[in-house]
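Laboratory data are not the source of any read-out in this text; all were calculated from the coordinates shown. Here the structure is a predicted model, which means the values were calculated and not measured. Note that we place each Cβ from the backbone using ideal geometry, even for glycine, and neighbour counts take in every protein chain shown.
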Amino acid sequence: MLHLGRLPVIKCTPQIVRYASKLYTSKPGESYAHNDNSHLGDAISKNLETVPLAYDKISPTSATSIVRSPLIMVHGLFGSKSNTRTVAKQLANELRRDVFSIDLRNFGSSPHHPRLDYPALAADVERFIANVITPEYESHKPICVGHSMGAKTVMALALRAPKVPAMIVSVDNAPIDWSNGVSGGSTFARYVRALRTALEKHRYTSIKDVDAELAKVEPNSYIRQFLLMNMKRGKKDEPIESKIPLQIIGDAIVKGKIALWPYDCHINRWNGPALFIRGTKSQYVPDDVIPTIGAYFPDFEVRDIDSGHWVISEKPEEFISSVTDFITRKEDEEEIY
């Protein structure tokens with residue numbers, strides 16, 4: 001294990017994954033190009049229907065003439081580009097480059113679409129990069145940073161379109177099928193049911209009543225306030241409405257599309273630099289998934305931050321430091337070689 005400052009770093013090389021005193025060997029890669037990929041369905045198809053994504057562009061306060069790879073910040077389930085605005089501004093200044101915060105389909109200000117899974121989410125981001133990033137930054141490929149659902153989205157992007165990202169940063173998620181593991185799916189499903197009960201059955205006109213309904217399934221007021229950012233308040237005595245399509249999102253959660261991972265490490269692998277940041281109090285990236293991370297992303301590092309699943313909001317300074325260090329170091333290595 002290497003150490004940079006006080007942050008533990010796990011440095012990995014192809015086929016061998018080292019974590020603490022344990023040595024893991026990932027599956028051989030010889031067969032990657034020879035396996036039949038029919039079981040992947042359209043997970044790597046280039047013909048998926050996409051939607052244009054809403055975004056905010058944040059530039060550093062001090063102008064620079066040097067063009068650098070921009071960052072793309074990708075939110076998690078029930079999130080939006082507004083959630084990453086503060087850290088996006090800090091990263092823009094720390095790294096002296098533009099940062100784009102995007103809304104994924106069915107969230108924030110982006111269009112709604114009945115399909116909600118990782119191939120579709122990643123295809124939307126790929127379209128965004130082709131239409132918005134590439135024309136302005138040309139050969140400077142973007143660095144994609146995603147949290148939770150957004151983390152799986154940027155991982156899927158790298159596997160679907162290996163030449164598109166320069167680096168990826170996955171925050172508290174792994175390339176794993178969690179449909180029978182972590183209980184987050186059932187928790188998020190309860191959120192959707194509570195919100196639909198408040199909005200569709202009771203048609204509450206007060207956000208306090210919606211909050212009270214959510215409190216029946218979520219005691220943490222911080223999480224409830226985060227969820228309530230997706231509500232739209234009308235005029236006095238008008239029912240509260242949802243900004244996001246709760247039925248589409250609820251169906252995707254119940255059917256396991258948010259928990260699933262539709263890729264195969266024997267077929268899909270990305271050799272670019274990848275950083276996996278995990279909250280040590282979270283259950284999404286346990287030690288035993290480290291070999292699987294290495295099978296998909298052999299050039300990866302893991303950084304531990306003393307937080308729960310909501311790493312960015314719980315420990316923003318540690319998050320910014322981890323991302324800044326990783327990107328700066330990797331870009332310096334490229335200049336040397």
**OP:** Can you tell me the 0 to 90 degree angle between the C-alpha axis of helix 85-95 and the longest principal axis of the chain, rounded to 10?
**Re:** 20 degrees
**OP:** Compute the length gained on full extension between A130 and D251: take 0.36 nm times their separation in residues and subtract their Cα-Cα distance, giving the result in nm to one decimal.
**Re:** 40.6 nm
Original post:
If we count every other residue with Cβ under 12 angstrom of S101's Cβ, Lys/Arg +1 and Asp/Glu -1, where does the sum land?
Top reply: +1
Original post:
Which value in Å does the Kirkwood hydrodynamic radius of segment 44-115 take, with 1/r averaged over all unlike C-alpha pairs and then inverted?
Top reply: 13.3 Å
Original post:
Based on the alpha-carbon gyration tensor of segment 183-231 and its eigenvalue square roots a ≥ b ≥ c, which shape applies: rounded if a/c is under 1.5, prolate if not and a/b is larger than b/c, or oblate?
Top reply: oblate
Subject >> Kirkwood hydrodynamic radius (C-alpha pairs) into Stokes-Einstein, segment 244-337, 4 °C and 1.567 mPa s, D in µm²/s >> reply: 83 µm²/s
**OP:** Mind running the shape call on the chain? Use the C-alpha gyration tensor, a ≥ b ≥ c as the square roots of the eigenvalues: rounded below 1.5 for a/c, prolate if a/b tops b/c, oblate otherwise.
**Re:** prolate
**OP:** Of the listed pairs K216/K281; K232/K330; K81/K236; K89/K236; K201/K281, which have alpha-carbon separations greater than 31 Å here?
**Re:** K232/K330; K89/K236; K201/K281
Original post:
Counting Lys and Arg as +1 and Asp and Glu as -1, each charge on the Cβ, what is the dipole of segment 264-337 about the Cα centre in debye, to the nearest 20?
Top reply: 280 debye
**OP:** Would you work out which of V217, S313, A198 lies farthest towards the positive end of the dipole of the chain? Charges go on Cβ: Lys and Arg +1, Asp and Glu -1.
**Re:** A198
Subject >> Dipole magnitude (debye, nearest 20) for segment 184-254, charges at Cβ of Lys, Arg, Asp, Glu >> reply: 100 debye
**OP:** Give me the distance in nm between label points sitting 7 Å out from Cα along the Cα-to-Cβ direction at Q225 and D306, one decimal.
**Re:** 2.3 nm
Original post:
Going by a ≥ b ≥ c, the root eigenvalues of the Cα gyration tensor, does segment 280-332 fall in the rounded group (a/c under 1.5), the prolate group (a/b larger than b/c) or the oblate group?
Top reply: oblate
Original post:
Under 5 Å between amide H atoms, partner at least 5 residues away or on a different chain: which partners does I72 have, H built in plane at 1.01 Å?
Top reply: F100, I143, C144, V145
Subject >> Full-stretch length increase - K216, D288 - with 0.36 nm per residue and alpha-carbon distance subtracted >> reply: 22.6 nm
Original post:
Treating the beta-carbon of each Lys and Arg as +1 and of each Asp and Glu as -1, no other charges, what is the dipole magnitude of the chain about its Cα centre, to the nearest 20 debye?
Top reply: 800 debye
Original post:
Considering only P114, F326, V164, whose Cα is most displaced toward the positive end of the charge dipole of the chain, charges sitting on Cβ of Lys, Arg (+1) and Asp, Glu (-1)?
Top reply: P114
**OP:** Grab the Cα-Cα distance for S62 and K235, subtract it from 0.36 nm times how many residues apart they are, and report the gain in nm with one decimal.
**Re:** 58.2 nm
**OP:** For segment 33-94 and segment 260-289, write down the distance between their C-alpha centroids in whole Å.
**Re:** 18 Å
Subject >> Helix-derived mean residue ellipticity, 222 nm - over the chain, DSSP H n ≥ 4, -39500 (n - 2.57), to 500 >> reply: -9500 deg cm²/dmol
